[in-house]
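Student: The structure's right below; bear with me while I get my questions together.
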Amino acid sequence: MTKVPKKNAVGEAIAEVVQLGAPSIARRGLREMIFEAGVRTLIEILEEERTAVCGPRYVHDRDRAAVRGGHVDGELVLGGRLAGVRRPRARTIDGHEVVLPSWEAFSDRDPLSARAVEQMIVGVSTRKYDRSLEAVAPQIVTRGTSKSAVSRRFVATTEAEARAFLARDLSAIDLVVLMIDGLCIEDHVLLVALGIDVDGKKHVLGLREGATENAVSCTALLSDLQSRGLRTDRSILAVLDGSKALAKAVRAVFGSRVQVQRCQAHKVRNVEAQLPDSMRTSIRQAMRQAYRCRSPERAERLLRNLQRRLSADHPGAAASLEEGLTETLTVMQFGLPEWLERTLATTNPIENLIGSTRDLSRRVKRWRDGRMIVRWTATALIEAEKNFRRVRGHSGLRFLAGMLRAGDAATEPVALGAEVA
């Protein structure tokens, strides 16, 4: 014979399962029964808390500090929605409401907003939000799952998170490598700054919206980073794509304290784009071989020879190869571990970050304004940062920091806001 548990809320639910049997459970849904049992258990807990403040029911106590005040309609967060619950009330002798601890804990609406944000990030639209939630018992009255309600929660939560994220204090970051790249959405360009510290940890430093990827926008971004505590009085390695505007802005801020590494992958693509299809594979392989030889002198010699070979028949490709050639070899000078050198020779770390941002932004069908673009981009950056791992070969970053900063004491600081032509 099956023993029936004690008759509390959970015990009653288990007893009901025993009595109904598996077929009835399948028809009704185990999840619904669990939700019902949870609500009944909460009501019991609230009643116990009210008894603790008011004393036992129907027992005279002249010293009691509070009295029962019946029940009132209330709402709790349940499975990503607001569920109606009859809340027991208690009042002090002079008529003030007594807050029951469990109700205060369970009525916190932060989990509701967090659930809405999570659903949007994984690709659930506001129209389908309700369908994505777990089913609840039909007798439980719910609300807060309409398109407009979910959208309001998402906007409010992501705006607050983005504001806090883009105002974070950066003074504790021991920055060694700075990467800056741009992301185009509609008519807006968003500059993203990624930092790598001395332990190989990546940090999203900032985000700046502008009309173009120019030196003025980049200087404004760096000014914001400095105002939030990022040190610009120590030497760093700046890994950039081929944009002259970004390089100019970084030099205007850091002066002689910055070593610029031009992205080797961008350089290869730029040269390839100006060659016929029949030559692209061989030239790509030749350039990659030069970049992987790990000797800056030999790499420059190989690339100069290649540039001379191209100069007669393909002057455009030769000019592209020659432009900024030595800056594509900057990282080779330091004698870093191979994996770290390969990581810092390209802008791949920040391009991967921006790629994840594009994946999220593709879910938006219509951009209303620039503020919405910044909010969604910041949300994507926050989500991407959760999955950051240290860069490969990170053990060599302390050596790199030492080499970069060897002459800092003798270098005059650069005033931020220096004029950019």
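Student: Would you check if there is a residue in segment 107-125 being acidic (Asp, Glu), surrounded by fewer than 13 Cβ atoms within 10 Å (Cβ to Cβ), in the same structural domain as residue 57 (by TED's automatic domain parsing) and closer than 17 Å to residue 42 by Cα?
Tutor: Yes, the conditions are met somewhere in segment 107-125.
Student: Can residue 251 be described as free of Cβ contacts under 8 Å to residues at least 40 places away in the same chain, buried (at least 17 other Cβ atoms within 10 Å of the Cβ), in contact with a strand residue (DSSP E or B) (Cβ under 8 Å, 6 or more places away or on another chain) and in the same structural domain as residue 198 (by TED's automatic domain parsing)? Spell out how you get there, then give the answer.
Tutor: Values: free of Cβ contacts under 8 Å to residues at least 40 places away in the same chain: yes; buried (at least 17 other Cβ atoms within 10 Å of the Cβ): yes; in contact with a strand residue (DSSP E or B) (Cβ under 8 Å, 6 or more places away or on another chain): yes; in the same structural domain as residue 198 (by TED's automatic domain parsing): yes.
Against the criterion (free of Cβ contacts under 8 Å to residues at least 40 places away in the same chain, buried (at least 17 other Cβ atoms within 10 Å of the Cβ), in contact with a strand residue (DSSP E or B) (Cβ under 8 Å, 6 or more places away or on another chain) and in the same structural domain as residue 198 (by TED's automatic domain parsing)), residue 251 qualifies.
Student: Limited to segment 266-289, what total is found for residues that are surrounded by fewer than 17 Cβ atoms within 10 Å (Cβ to Cβ) and under 30 Å from the mean Cα position of the chain (by Cα)?
Tutor: Summing the residues that are surrounded by fewer than 17 Cβ atoms within 10 Å (Cβ to Cβ) and under 30 Å from the mean Cα position of the chain (by Cα) in segment 266-289 gives 1.
Student: Shifting gears a bit: Could you tell me whether residue 326 is crowded, with 19+ Cβ neighbours inside 10 Å and of a type in the set (Val, Ile, Thr)? Lay out the reasoning, then the answer.
Tutor: Numbers: crowded, with 19+ Cβ neighbours inside 10 Å: no; of a type in the set (Val, Ile, Thr): yes.
No.
Student: List every residue pair whose Cβ atoms lie under 9 Å apart, where the two residues are 6 or more positions apart in sequence or sit on different chains, the first residue falls within segment 296-325 and is on the phi > 0 side of the Ramachandran plot, and the second residue, located anywhere, is buried (at least 16 other Cβ atoms within 10 Å of the Cβ).
Tutor: From segment 296-325, the pairs are 324/242; 324/247; 324/260; 324/262; 324/267.
Student: Does residue 179 satisfy the condition of being in the same structural domain as residue 241 (by TED's automatic domain parsing) and either buried (at least 18 other Cβ atoms within 10 Å of the Cβ) or over 16 Å from the mean Cα position of the chain (by Cα) (or both)?
Tutor: Values: in the same structural domain as residue 241 (by TED's automatic domain parsing): yes; either buried (at least 18 other Cβ atoms within 10 Å of the Cβ) or over 16 Å from the mean Cα position of the chain (by Cα) (or both): yes.
The answer is yes for residue 179.
Student: I've got another one for you. What number of residues within segment 351-377 satisfy the criterion of being farther than 15 Å from residue 151 by Cα, in contact with a Phe, Trp or Tyr (Cβ under 9 Å, 6 or more places away or on another chain) and either at pLDDT below 85 or assigned by TED's automatic domain parsing to the domain that holds residue 128 (or both)?
Tutor: Qualifying residue count, segment 351-377: 2.
Student: Still on this structure, please answer the following. For the condition modelled with pLDDT of 65 or more and not charged (D, E, K, R), what is the one hit in 22, 52, 13?
Tutor: Working: 22 fails: modelled with pLDDT of 65 or more; 13 fails: modelled with pLDDT of 65 or more.
Result: 52 is the single residue among 22, 52, 13 that is modelled with pLDDT of 65 or more and not charged (D, E, K, R).
Student: Right, another one. Might you let me know whether segment 295-307 holds any residue that is within 39 Å of the chain's Cα centre (by Cα), at pLDDT 95 or above, assigned to a loop (DSSP other than H, G, I, E, B) and not hydroxyl-bearing (Ser, Thr, Tyr)?
Tutor: There is no residue in segment 295-307 that is within 39 Å of the chain's Cα centre (by Cα), at pLDDT 95 or above, assigned to a loop (DSSP other than H, G, I, E, B) and not hydroxyl-bearing (Ser, Thr, Tyr).
Student: With the requirement that a residue be of a type in the set (A, V, I, L, M), more than 21 Å from residue 334 (Cβ to Cβ) and outside any loop (DSSP other than H, G, I, E, B), what does segment 211-258 give you? Break it down stepwise before answering.
Tutor: Just the residues of segment 211-258 that are of a type in the set (A, V, I, L, M), to begin with: 211, 215-216, 220-222, 225, 230, 236-240, 245-247, 249-250, 252-253, 258.
Restricting the remaining residues to those that are more than 21 Å from residue 334 (Cβ to Cβ) gives 211, 215-216, 220-222, 225, 230, 245-246, 249, 252-253.
Passing the criteria: 215, 216, 220, 221, 222, 225, 245, 246, 249, 252, 253.
Student: Right, next: Given the criterion crowded, with 17+ Cβ neighbours inside 10 Å, more than 21 Å from residue 401 (Cβ to Cβ) and in the same structural domain as residue 179 (by TED's automatic domain parsing), identify the matching residue among 312, 318. Spell out the reasoning first.
Tutor: On the way: 312 fails: crowded, with 17+ Cβ neighbours inside 10 Å.
Within the list 312, 318, the selection yields 318.
Student: Please specify each residue of segment 87-119 satisfying the condition of being of a type outside the set (Val, Ile, Thr), in contact with a Lys or Arg (Cβ under 9 Å, 6 or more places away or on another chain) and either in contact (Cβ under 8 Å) with a residue 40 or more places away in the chain or over 30 Å from residue 376 (Cβ atoms) (or both).
Tutor: Passing the criteria: 88, 89, 90, 91, 97, 100, 103, 112, 113, 116.
Student: Can you name the residue in segment 46-79 that is β-branched (Val, Ile, Thr) and within 18 Å of residue 97 (Cα to Cα) and is also surrounded by the fewest Cβ atoms within 10 Å (Cβ to Cβ) among such residues? Lay out the reasoning, then the answer.
Tutor: Filtering segment 46-79 for residues β-branched (Val, Ile, Thr) gives 51, 53, 59, 67, 72, 77.
This time we only want the ones that are within 18 Å of residue 97 (Cα to Cα), so: 51, 53, 67, 72.
Working: 51: 14, 53: 16, 67: 16, 72: 11.
Per the stated criteria, the residue is 72.
Student: Considering only segment 314-327, I want to know if a residue exists there that is in a helix (DSSP H, G or I), touching a strand residue (DSSP E or B) at 6+ places or on another chain (Cβ under 6 Å) and under 29 Å from residue 176 (Cβ atoms). Steps first, answer last, please.
Tutor: First, the residues of segment 314-327 that are in a helix (DSSP H, G or I): 315-322, 326-327.
Those still in the list that are touching a strand residue (DSSP E or B) at 6+ places or on another chain (Cβ under 6 Å) too: 327.
Still in the running and under 29 Å from residue 176 (Cβ atoms): 327.
Yes - at least one qualifying residue is present in segment 314-327.
Residue-wise test of (1) in contact (Cβ under 8 Å) with a residue 12 or more places away in the chain; (2) assigned to a helix (DSSP H, G or I).
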residue: 333; (1), (2): yes, yes
residue: 336; (1), (2): yes, no
residue: 346; (1), (2): yes, no
residue: 349; (1), (2): yes, yes
residue: 360; (1), (2): yes, yes
residue: 372; (1), (2): no, yes
residue: 375; (1), (2): yes, yes
residue: 398; (1), (2): yes, yes
residue: 402; (1), (2): no, yes
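The values are calculated or read from the model by the stated rules, or taken from the named source; none is laboratory data. Predicted, not measured: the structure shown is a model, and the values here were computed from it. Positions of Cβ are generated from backbone atoms using ideal geometry, with glycine treated the same way; all protein chains shown enter the neighbour counts.
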